[in-house]
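The values are calculated or read from the model by the stated rules, or taken from the named source; none is laboratory data. Since this is a predicted model, take the numbers as computed values, not measurements. Please note: Cβ atoms are built from the backbone with ideal geometry, for glycine as well, and neighbour counts cover all protein chains shown.
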Amino acid sequence: MTEKSQTENHTALYGEHEKAGASFTDFGGWQMPLKYSSELAEHHAVRNAAGLFDLSHMGEVWVDGPDAAAFLDYALAGKLSAVAVGKAKYSLICNADGGIVDDLISYRRSETNYLVVPNAGNAATVAALLAERAAGFDATVRDASAETSLIAVQGPEAEAILLTLVPEAQHELVTGLKYYAAVEVGINGQQLLLARTGYTGEDGFEIYLPNADAPALWQALLEKGTPHGLIPAGLAARDSLRLEAGMPLYGNELSTEGHAYSAGLGPVVSLAKESDFVGKAALAAIKESGAGVTTGRKLVGLKGVGRRAARGHYSVLKDGATIGEVTSGQPSPTLGYPVALAYVDVEHAGLGTQVDVDLRGKAEPFEVVALPFYKRQK
Amino acid sequence: MSKVAAELKYSAEHEWIASDGAGPTTVGVSAVAADALGDIVYVDLPEVGATITAGETCGEIESTKSVSDLYAPVTGEVTEVNTAMVEDPAVVNADPYGAGWLFKVAVASEGPLLTAAEYAAANGGEL
């Protein structure tokens, strides 16, 4: 493991967060804004207008060379060679046992070039693993995490805000950009990589740029976005937004101890891929065993009947017996009731199943419901 | 801006009490605690008529991000709870020393309490 020992990494936008009065939290080895004022206000701003996020703690690993596609087919669980240039794909990097080392998004920038984006806490591990797995392929792996910033604008007003910083001749590049696609476009006077991706369940964009340019773009987005209702949003809102959208968080729902089939990510694993990939044999055996379908546990959504919220690591009960464990949970700001993600025994994972969660010694009723909890109106 | 109100007394567990010497004592949570908890969404209080014991848990306070026990800063009988606050717990964040009060107690005895200056010092703040 190549864990980062320092827990005081600051993004290039740290000074902007301080100016905005953020409270900070340690996340994945970085001091990140938890909230600026009220995490609920930030959450609602993203659902109703727009939120501005600093995601510079995320990793950026470039893979380049004639074998880039074949190499990623081997290194990751998905079929990255099938991704069209300009598109992106959500994938997993697994170990030989099928355990999840990280979940990540890969952008195909050309026939021979990809940008792979791992989670903050896993960036160094993923970069090292990719470099290791690249042996024998004509492809280079370059970890650009330290010099790259990532700013996200998320919410129904995101497009309108972004367009204020894009030359009119390039507006169609933005308005025509599909979900999970990316394009180079002029933003605030510079050619930057713009992706229509996010982790909030809303429409939104993520912008990759050199650290030195990040504060100016942050300020410009704040200035242009404020009239649209945009406010800066911290990790607390990011977490509640992604939970409502039913999206897993590495470290909560995903880990090396778990695998794609329990996590509901079976479709992300391409066993049909002709070539071998790390974890393929193990994952084929796990799938064959029926794990997450007929045996073991499965990730489900839980909706609270009462007002009290389930939290990570609380036990899920059926008739007093433990049948699972909550991985994330909190009151849903948008829906007004508690929501949670939990791994439960497959026989109790059916929609509508009534279960209890042990809330500090008191059994509170919850119901298994379909994910996502929240889906935006398109 | 100070997060500690000078005229109140505090428990180490971040409850404040306000006593005018005559009527029941009002109990709330400090702005320090409210800020640390984040947006408060649910507060579970002892019922009117219940006896609470200084230093023991008497309820819980839940924010979007976490849940914490409420500790009784005094021993006595609960005479009133702030039902408006229970309906709209956000008032605890907005006005922790005013409209965000939690409940009132006919005090039999006080637990160990800190002066505002002591509480502020213990929480790295100033009055």
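Computed quantities for the displayed model
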item	result
Out of A:330, A:354, sole residue that is polar (S, T, N, Q) and within 14 Å of chain B (Cβ to nearest Cβ)	A:330
Qualifying positions in the stretch A:47-80 - of a type in the set (D, E, K, R), assigned to a loop (DSSP other than H, G, I, E, B) and farther than 19 Å from residue A:94 by Cβ	A:60, A:67
Which numbered condition residue A:187 fails, given (1) crowded, with 22+ Cβ neighbours inside 10 Å; (2) touching a residue at least 40 places away in the same chain (Cβ under 8 Å)	(2)
Sole residue being crowded, with 16+ Cβ neighbours inside 10 Å and either in contact (Cβ under 8 Å) with a residue 24 or more places away in the chain or not aromatic (Phe, Trp, Tyr) (or both), chosen from A:195, A:144, A:169	A:195
Pick from the stretch A:16-54, criterion acidic (Asp, Glu) and surrounded by fewer than 19 Cβ atoms within 10 Å (Cβ to Cβ), ranking: nearest to the other protein chains (Cβ to nearest Cβ)	A:26
From B:6, B:12, B:34, residue being within 14 Å of chain A (Cβ to nearest Cβ), among the hydrophobic types (A, V, I, L, M, F, W, C) and in contact (Cβ under 8 Å) with a residue 40 or more places away in the chain	B:34
Members of the stretch A:342-378 that are touching a helix residue (DSSP H, G or I) at 6+ places or on another chain (Cβ under 7 Å) and in a strand (DSSP E or B)	A:355
Hits in the stretch A:81-107 - residues which are closer than 17 Å to residue A:264 by Cβ and part of a loop (DSSP other than H, G, I, E, B)	A:98, A:99
Inter-residue pairs, beta-carbon under 6 Å, first closer than 10 Å to residue B:100 by Cβ and modelled with pLDDT under 95 and in the stretch B:74-90, second of a type outside the set (Ser, Thr, Tyr) and surrounded by fewer than 20 Cβ atoms within 10 Å (Cβ to Cβ), 6+ apart	none
Residue list for the stretch B:45-58, filter: touching a residue at least 24 places away in the same chain (Cβ under 8 Å) and within 14 Å of chain A (Cβ to nearest Cβ)	B:45
Some residue of the stretch A:93-111 being within 15 Å of the chain's Cα centre (by Cα) and among the small types (Gly, Ala, Ser)	yes
Of residues in the stretch A:357-378 being closer than 25 Å to residue B:57 by Cβ and crowded, with 21+ Cβ neighbours inside 10 Å, the one farthest from the other protein chains (Cβ to nearest Cβ)	A:366
Boolean, residue A:333 is surrounded by 12 or more Cβ atoms within 10 Å (Cβ to Cβ) and either within 30 Å of residue A:295 (Cβ to Cβ) or among the hydrophobic types (A, V, I, L, M, F, W, C) (or both)	no
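Quick grid of which residues meet (1) closer than 30 Å to residue A:41 by Cα; (2) surrounded by fewer than 20 Cβ atoms within 10 Å (Cβ to Cβ):
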residue	(1), (2)
A:273	no, yes
A:279	no, no
A:282	no, yes
A:290	no, yes
A:309	yes, no
A:320	no, yes
A:324	no, no
A:341	yes, no
